[in-house]
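Just below is one structure, and these are the notes that go with it.
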Amino acid sequence: MRKGADTEVPVLVVGGSLVGLSASVFLGRLGVPHLLVEKHKHTSTHPKGRGNNVRTMELFRTARVEPAIREAASVLAGNHGILQAPTLVGEAGEWLFREIDPGGGLARFSPSGWCLCSQNDLEPVLLEHARALPGADLRFATELMSYEQDADGVTALVKSRDTGEHTTVRAEYLIAADGPRSPIRDSLGITQSGPGDLFHNVSVTFRSQKLAEIVGDRRFIVCYLTSPEADGALLPVDNRTQWVFHAPWHPERGETLESFTDERCAAHIRRAIGDPDLDVQVTGRAPWHAAQRVARAYASGRVFLAGDSAHEMSPTGAFGSNTGIQDAHNLAWKFAAVLNGWAGPGLLDSYDAERRPVAEATAARAADRSGEHSHPGYDAPPPAAGGGGRPGGILNVVLGHRYPRGAVLGAAPDGPAVPEGLRLNGEPGSRAPHLWLRRGAERLSTLDLYERTPVLLCDATTPVWHEAARKVAAVLSIPLRAYRLGTAPGADLEPEDDWAEAHGVTPQGAVLVRPDGFVAWRSPSLPADHEEPGDLLHRTLSLLLDLA
């Protein structure tokens, strides 16, 4: 242990909300010991941040947390679509979309799906799973007081808010998941790009016995109520008696948070719903600010930003929380690789190169979506002259985002981080295709193969790749897994569809997939010019993992 340190861990996570807890789960799954500190005593009690997109649920599936999350979310499992109406009394209004996945077409692309689980329900699940993993030390009511970094690591001082005890922590790396006002980001001098604040709301939790009768069988995710006298957004918590209402708040006009009294909030909700006699019992209020900002750097030395400390996004579409959880996943496998010695520290540079462009493109799309949905309180700027704006779909953002630069080889370096269409065809830098596989009586997705190690996919009819992977893994001391796909003798897995075609290679080719499920490199066929597959694979892995 370093002299003067009370605790020594490879990774210190500051912040125990969705992103910090996700980081703990992902690090724990990979066997990385870590300490998480969170200044609040408990997880969130406010029902917010409920939309978990399909990519996030894929990651939770791989981490074996998905079933518990869906159980926690079961009360809202039947809610789909977004409704827009002047009031909820009567039948007026239109569905902006009726189903999240109409026709079940998403099953072609993913073994998972969207999940409506509010933050106050999701965080306890993540906390329970994180605490059950070896090497995870999670301390709530514990605040970061100060930190300093040097060439070899970070030394931090944390304080228990229960006992007042101070503890010195020495870590090799620090993840700053400390929110949009991140003191850590500010201490690093990292500035932000983007237009800044977009709009402000007050989130009001309330109980009502009668509202369920008015809503009827309209099982929406959110309903935007557009009456000029009292606009807002209504969200069900249990579809019966508990609800959330987002009321516009205009601090730029001198409106204070204190002016949102219980009486004012209840009256506003009644007008928005369209029933002056509606029973409304306000149970809580919380301000929130929609903004579009992205940090100009995601790391400084051994400190890495994740989640809201790295980016703020308009809430429409829940892009912010999902992007943050995926930040944590991107960091976790890279920390594991570097700390376990099978990648060089240069691999960590790819975090900024990969995740920051995705956040910039996603934040812009989130703001557009708030404008498309006429989110209460948002005075969206007019579309650019002569342009039709961005396409209305979001699958290209959720599943189709890619890494033109970073720990990939063969990607178009000037390509967009979020392309206009959804292409999951095995291109380097994109999320690897989903195909169903058979292993005896077991049925699994290709995505289930990716978590702890790089994976090489090859055809059972071309076993030279499998043998090359075995030898290179031994030479480079890399935990590389290779799978022979097909029905030929020696096959490890039998795909239900043509795996090679889906990944853009021939049966003589191979595809290298990172632990996070993104394609790192592919060889459409056997190497030309008489180069041995093993030599090509050795050179490729050395470059990707900073082992050259």
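The values are calculated or read from the model by the stated rules, or taken from the named source; none is laboratory data. Here the structure is a predicted model, which means the values were calculated and not measured. Cβ coordinates were reconstructed from backbone atoms using ideal geometry, including for glycine residues, and neighbour counts include every protein chain displayed. We work out accessible area using only protein heavy atoms, side chains counted, and drop any ligands, DNA or RNA first. Shrake-Rupley method; radii C 1.70, N 1.55, O 1.52, S 1.80 Å.
The residues in region 478-510 that are buried (at least 19 other Cβ atoms within 10 Å of the Cβ), touching a residue at least 40 places away in the same chain (Cβ under 8 Å) and either touching a Cys at 6+ places or on another chain (Cβ under 8 Å) or among the acidic types (D, E) (or both) can be counted, and the count is 3. Only one of the listed residues (A266, A247) is farther than 30 Å from Q292 by Cβ and either touching a strand residue (DSSP E or B) at 6+ places or on another chain (Cβ under 7 Å) or at pLDDT below 95 (or both). That residue is A266. Which residues, counting only those in region 97-119, are surrounded by 18 or more Cβ atoms within 10 Å (Cβ to Cβ) and within 30 Å of R271 (Cα to Cα)? Those that are surrounded by 18 or more Cβ atoms within 10 Å (Cβ to Cβ) and within 30 Å of R271 (Cα to Cα): I100, L116, C117, S118, Q119. Here region 119-176 is the region considered, the condition is being at pLDDT 95 or above and of a type in the set (S, T, N, Q), and the residue that is nearest to Y351 (Cα to Cα) is Q149.
Does A295 meet the test of being open to solvent by 10 Å² or more (accessible area, probe 1.4 Å) and in contact (Cβ under 8 Å) with a residue 12 or more places away in the chain? Answer is no for this residue. Close contacts from region 267-284, counting a first residue that is in contact (Cβ under 8 Å) with a residue 24 or more places away in the chain and a second that is loosely packed, with under 12 Cβ neighbours inside 10 Å and part of a helix (DSSP H, G or I), with Cβ to Cβ under 9 Å and a gap of 6+ residues or different chains, come to V282/E263. Taking first residues from region 524-543 that are touching a residue at least 60 places away in the same chain (Cβ under 8 Å) and over 20 Å from P507 (Cβ atoms) and partners that are among the aliphatic types (A, V, I, L, M) and assigned to a helix (DSSP H, G or I), the Cβ contacts under 9 Å between residues at least 6 apart in sequence or on separate chains come to H538/A468; H538/V472; H538/V475; H538/L476; L541/V472; L541/A473; L541/L476; S542/L476. For region 175-198, filtered to residues that are in a strand (DSSP E or B) and out of contact with any helix residue (DSSP H, G or I) (no Cβ under 7 Å at 6 or more places or on another chain), the residue that is surrounded by the most Cβ atoms within 10 Å (Cβ to Cβ) is Q192. Within region 229-258, take every residue that is of a type in the set (S, T, N, Q) and open to solvent by 50 Å² or more (accessible area, probe 1.4 Å) and give me the one that is farthest from D279 (Cα to Cα). So, considering only residues that are of a type in the set (S, T, N, Q) and open to solvent by 50 Å² or more (accessible area, probe 1.4 Å), the one farthest from D279 (Cα to Cα) is T256. Being open to solvent by 30 Å² or more (accessible area, probe 1.4 Å), closer than 29 Å to L331 by Cβ and outside any helix (DSSP H, G or I) is a property that holds for E172.
Counting the residues of region 317-330 that are under 20 Å from H289 (Cα atoms) and buried (at least 24 other Cβ atoms within 10 Å of the Cβ) gives 7. Open to solvent by 30 Å² or more (accessible area, probe 1.4 Å), farther than 20 Å from N396 by Cβ and modelled with pLDDT of 95 or more - does that describe any residue in region 412-435? No, region 412-435 contains no residue that is open to solvent by 30 Å² or more (accessible area, probe 1.4 Å), farther than 20 Å from N396 by Cβ and modelled with pLDDT of 95 or more.
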